[in-house]
Amino acid sequence: MVVQRLDIHRRDRGERALVTLAGAIGPAAAPLLRAALEQCLRDGVTAIDVDLTTVGSCDSTGLDVFLTASQRADRVHVPLRLHHPCPQITRLLTGTGSTPLLGDEPSASSPVAERERGGDRAGLPVVKSGIRLRRLTRWQVEGMREDIADLAAEPAASPREPADRGRSAFLGRLAVSARRPGFALLVAETTVLVGCVFGFPVDPGARPERGLRESVQRLTGCGRFLLLSQVAAPHHPQHRDIGRRLQQRLLADRHAPLAVVLLRAGDQVGQAAFESWGWRNCGEMVGLPGHGAPCLLVLFRESGPVPAPRVARLGRA
């Protein structure tokens, strides 16, 4: 019996991963393919494009790998799409009702489209007013963690109480958040680092934040949101909107309608900073284990409608 070979090549283009396959996808190749797609998710990419141009065949084990990986990617709001399948793979996807895996015609900025044009512009960070916003992969976060901690430790950078401004407190929050599925960190840069924001999604099935999720859903009608762990954006006349831009870009990247942050009730400076970025202060929230009664603030994604709150204050009914 001849075992058909599958070559797997991955190339990250900005915040997206392009996985190019060559050969045949069968039982022998399925574990390697599964590991490659799972690694993309662990690295925190925002999208996975799989190029099947040079794949001659795929059996049910390969299809199962794609379906399972797509389900896991969907849970952290990362689209996984297959591009340029051969007729046999197209028939397999159609016959099993799996055509949602097929990517639409590649957009001008997609890695697949860039590869076809021979260009190298896909996934470039957003640049506006000399400030570049980009999302870091997990290994990039590890490499820049000290620089990011320096920024967060600046007194004017993080809208939190003095005890939370230290490097150790920041690095602790970063380490805990980075272990959560869907973790994402964005930075703003000029010639130096000038801002960062990070957090992770809370979905309807999330058990650790069940109490928080239920309260947010009663308040806003949204059962899925981003929980922000940190925003660091020094106040500067030329960079006054860095915090808002970072937060809205993170919401857009993670396809989330809402962001949530918890601040100490006595942190008036922090609350004022978030309110200046467009956050709605919903008051103190009681009943969260280990949190005391923090203030809950919410921010809706700018591109979507802003529902009216259903209650005025949490923990006051």
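Name the residues whose placed amide hydrogens come within less than 5 Å of the amide hydrogen of Asp12, ignoring near sequence neighbours (fewer than 5 apart) on the same chain.
When sequence neighbours closer than 5 places are left aside, the close amide H contacts are Leu18.
What number comes out for the charge environment of Ser57, summing +1 per Lys or Arg and -1 per Asp or Glu over other residues with Cβ under 13 Å away?
Computed value for this residue: +1.
Tell me, what ³J(HN,Hα) does each residue in segment 244-253 have, in order and in whole Hz, if you take phi through Karplus 6.51 cos²θ - 1.76 cosθ + 1.60 with θ = phi - 60° and put x for Gly and Pro?
4, 5, 4, 5, 5, 5, 5, 4, 5, 4
How far apart, in nm, are the 7 Å Cα→Cβ label points at Leu67 and Asp43?
Going from the Leu67 label point to the Asp43 one covers 2.7 nm.
Suppose R0 equals 22 Å. What FRET efficiency, 1/(1 + (r/R0)^6) with r the Cβ-Cβ distance, do Ala265 and Arg218 give to the nearest 0.05?
Efficiency, rounded to the nearest 0.05: 0.65.
Let's test the formula: R0 of 35 Å, r as the Cβ-Cβ distance of His9 and Asp150. What FRET efficiency results, to the nearest 0.05?
0.45
What is the set of long-range amide H partners of Gly283 at a cut-off below 5 Å, with H atoms built 1.01 Å from backbone N?
Result for Gly283 returns Leu296.
What list of ³J(HN,Hα) values in whole Hz, one per residue of segment 10-18 in order, does the Karplus curve 6.51 cos²θ - 1.76 cosθ + 1.60 (θ = phi - 60°) give from phi, with Gly and Pro shown as x?
Computed from phi, the couplings for segment 10-18 are 10, 9, 7, 10, x, 9, 10, 10, 9 Hz.
Out of the total accessible area of segment 1-86 (probe 1.4 Å, heavy atoms of protein only), what percent is carbon and sulfur?
Details: 2090 of 3840 Å².
Solvent-exposed carbon and sulfur of segment 1-86 make up 55 percent of the total.
Given a Förster distance of 22 angstrom, what is the FRET efficiency for Arg280 paired with Arg207, based on the Cβ-Cβ distance and rounded to 0.05?
Using R0 = 22 Å, I get an efficiency of 0.25.
Suppose all protein chains stay in the model; what accessible area per residue would a 1.4 Å probe give for segment 1-59, in Å²?
For segment 1-59, the solvent-accessible area averages 46 Å² per residue.
The values are calculated or read from the model by the stated rules, or taken from the named source; none is laboratory data. Predicted model only: the values in this text are computed from it and were never measured. Cβ atoms come from the backbone with ideal geometry, glycine included; neighbour counts cover every protein chain shown. Accessible surface areas use protein heavy atoms only, side chains included; no ligands, DNA or RNA. Shrake-Rupley method; radii C 1.70, N 1.55, O 1.52, S 1.80 Å.
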